[in-house]
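Let me begin by presenting the structure, written as C-alpha cells, before commenting on it.
Each value in this text was obtained by applying a stated rule to the coordinates, not by laboratory testing. On a predicted model such as this, the values are computed, not experimentally measured, just so you know. Here the Cβ positions follow ideal geometry from the backbone for every residue, glycine too, while neighbour counts run over all protein chains shown.
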C-alpha cells in the first residue's frame, strides 16, 4: 500500500468523526488535573479509588527504586522475577482467597496469554459481544473456534455450548464489569453453565477489582463466586492506581498458564518498584473502606440526580456511568461543551462501542466530592437540552 493511501484513510476517519487525538497531562492523576495546559475536573480516569497519586503508594515506589533500581531487565523466567513480584503474587492470591496468582505486564497481555494458553485448535471460546477487545483478540489468536453471544444472553450461550463439538475444551470468556456500559455480567448463571457443560469461566474483572465488595475483592466477593473452573483476571492500573495485571485461580491451571502463555514467557517483567507500590496499594484498599463507601455514595448521587430528556443513561451500579447520545458528532460536541466548562468527559465512538451508540463515558472516583458530581450533573443537564433539543427539530 502506498504511504499516500494512509492520508485517505485518515481523512475517512475524520469525516466519520472517528479520528482520535491524545491529551497532554502535566499533573498527577487526580480529580482535578492539568490537561493541555488547562485545569479541569476529570471524569475520564479509571483511578476509581484515587490511589494513583496516594502518598503511601508513591513512597513505596520510591523506596523500591532505591533498593532494586528501575528495570527488571529480563522476563520472569530468566532473571526478571524479583522479590517484589514474588511477594505481590502471594499477596494477591491471599487477598482473593485463591490458590495462586501470576503477574502480567498489562491486562491486554494477560488476556491474550490466558486464552491462548487455555484454548487451541479443536477447542471453543464463547464470548459476550461487548467484551473488551483483548478478550476477543485472545480468542482469535488461540485458533480455537470463536463463538460470540448477544450481550448477557445466557439462553443463547447455553444453545452454543450444547452445540459445541464433543472432546474439545470449552472456555467462556466475559468482562465482569463492562467497560463502556458499567453493567455487571450474570456471572452466577455463567458459572452454572460452565459447571453443566464442563467449561472454564474466564472473568475479566478489570473494572471491579478494588471497587466491588466490602473488602474490594471484586465480583468474586460481591457475588460470592467460588469454583475451580474460574480463571480470574484483574488489572492493577485502575482501582489499584498502578500498572500491570494478574491472573488467579487453581494452582495447576495458573502453573500451566505460566509455562505456556507467550505474553508472559517472552515479555520483560514490570519494574519491581511498581510491584512494591502495588503491595502498599493493596494495604490501602484493605484498610480504607471509606474510599469505597464514598465512591458508592457518589455513584448513587449521580444516578439519582441525573434527569435526561433526550439522551439515555443505562442503569449502572459501578463507577462507569454512560450517557448514550447516538451519533458521533453529537458525542464530540457534548464532550467539547463540557470541556468549555472545565470538565473532562470523553466521547466514546465506534468501533469502541456499537454503531449508533456513541456516548459520554463518565468515570467517578473516590477523589471526587459530592459538589464535583453536582456540578457535573448540572452541566450535563444544561448541555443535553441545548444540543439534543436541536436534533429533535
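By definition, a body whose alpha carbon gyration tensor gives a ≥ b ≥ c is oblate when a/c is 1.5 or more and a/b is not larger than b/c, and the stretch 174-264 fits this oblate description.
Sorting 243, 214 by the number of Cβ atoms found within 10 Å of their own Cβ, with the fewest placed first, yields 214, 243.
Restricting the calculation to Cα atoms, the stretch 55-287 yields a radius of gyration followed by a Dmax of 17.3, 57 Å.
Here, P(r) means the percent of Cα pairs in each 10 Å bin from 0 to the largest distance; for the chain it is 5, 22, 30, 27, 14, 2, 0.
Label positions at residue 389 and residue 26, each projected 7 Å from the Cα along the C-beta direction, are separated by 3.8 nm.
Take the alpha carbon gyration tensor of the stretch 1-125, find the square roots of its eigenvalues, order them as a ≥ b ≥ c, and report rounded if a/c is under 1.5; if not, report prolate when a/b exceeds b/c, else oblate.
oblate
Nearest 5 percent is fine: what portion of the DSSP beta bridges confined to the chain is antiparallel?
Details: 25 of 46 bridges.
Close to 55 percent.
Paramagnetic label reach from residue 74 (point 7 Å along Cα→Cβ; backbone nitrogen cut-off under 17 Å): within the stretch 238-274, residues 264-272.
Sorting 290, 228 by the number of Cβ atoms found within 10 Å of their own Cβ, with the fewest placed first, yields 290, 228. Between residue 255 and residue 3, the contour length at 0.36 nm per residue exceeds the Cα-Cα span by 86.2 nm.
Beta bridges per DSSP, both residues in the stretch 55-287: antiparallel share near 35 percent.
Please find the FRET efficiency linking residue 86 to residue 53, where r is the Cβ-Cβ separation and R0 is fixed at 22 Å, and quote it to the nearest 0.05.
Values: r = 26 Å, r/R0 = 1.19.
With R0 = 22 Å, the Cβ-Cβ based efficiency is 0.25.
Taking the fewest neighbouring Cβ atoms within 10 Å as the starting point, the ordered list for 380, 184 is 184, 380.
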